[in-house]
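The next block holds one structure in the form of structure tokens; read it before the comments.
Since every read-out is calculated from the coordinates, none of them should be taken as a lab result. Computed from a predicted model, the values in this text were never measured in an experiment. Note: ideal-geometry Cβ built from the backbone for every residue, glycine included; neighbour counts use all protein chains shown.
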Amino acid sequence: MVESSLKRGEDKEQRGNYTTRVTRGELFSIFLRAGLAFGGGLGILAVLEEELVAKRRAVTREEFLTIYGIGRIVPSGTMTALAVAYGYTFGGLSGTVIALAALSLPAFVLTIALTIAYHYLRNSRLFDLLPVTIMPAALALIVVVALKLGKDVFRPSRELILAGVAFALALFLRLNPALILLAGGVLGAFALQKAEEENDTEEKDSGK
């Protein structure tokens, strides 16, 4: 009980260290760099994790993954949901607009530029190089980011069991991913409530 109390105290102290505020200018810079990331959503996620968790320590890793999980559930793009969440957290409504604009700006400009380039180069042999150059590199980036974000889950735990069940349901039963995410959220809420009740019981026992 003493060890668990000490561990909880260390966890609270660690959470308390994440007090860095992010200004609106920094929000624009962070999400602009995220918008320039290659590899799609996971590439953007890697930039946000590096900037908000590792570098600025503005949020804990657990909070970051929690908000990411919520963003997967809401009916919109996940990265858009993250921009709204962190923009509002650090800058209110104006921060939300700033984060969304910064995240969308690179895609807006690059899409127009690539569309023009495709119009003039679509018959060129340069497009034959895409399958053996950019696509493998993007795939490697996605794999690395996925392993980095999931390293805390891939250990003997309830989270690993839930991840395995969700993977099996999606792969073999072809269930709708939205239903799997909602089911995972419900199970996670029950597990979190049970863990909090156990912690409260331990604290009461240690106080006697």
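A few comments on the model shown:
- Estimated FRET transfer efficiency (residue 100, residue 38; beta-carbon r; R0 22 Å; 0.05): 0.65
- Neighbours of residue 36 by Cβ distance under 15 Å: Lys/Arg scored +1, Asp/Glu scored -1, total -1.
- Residues of region 57-95 falling in the label zone of residue 186, defined by backbone nitrogen less than 20 Å from a point 7 Å along Cα to beta-carbon, are 69-75.
- A full extension of the chain between residue 116 and residue 132 corresponds to an added length of 3.5 nm, given 0.36 nm per residue minus the alpha carbon distance.
- Loop-located trypsin sites (Lys or Arg not before Pro) in region 14-105, at most 16 other Cβ atoms within 10 Å (DSSP): 21, 56, 57
- Relative contact order of region 16-136, taken over Cα pairs closer than 8 Å and 6 or more residues apart, is 28 percent.
- Modelled label positions at residue 70 and residue 107, each set 7 Å beyond Cα in the direction of Cβ, lie 2.0 nm from each other.
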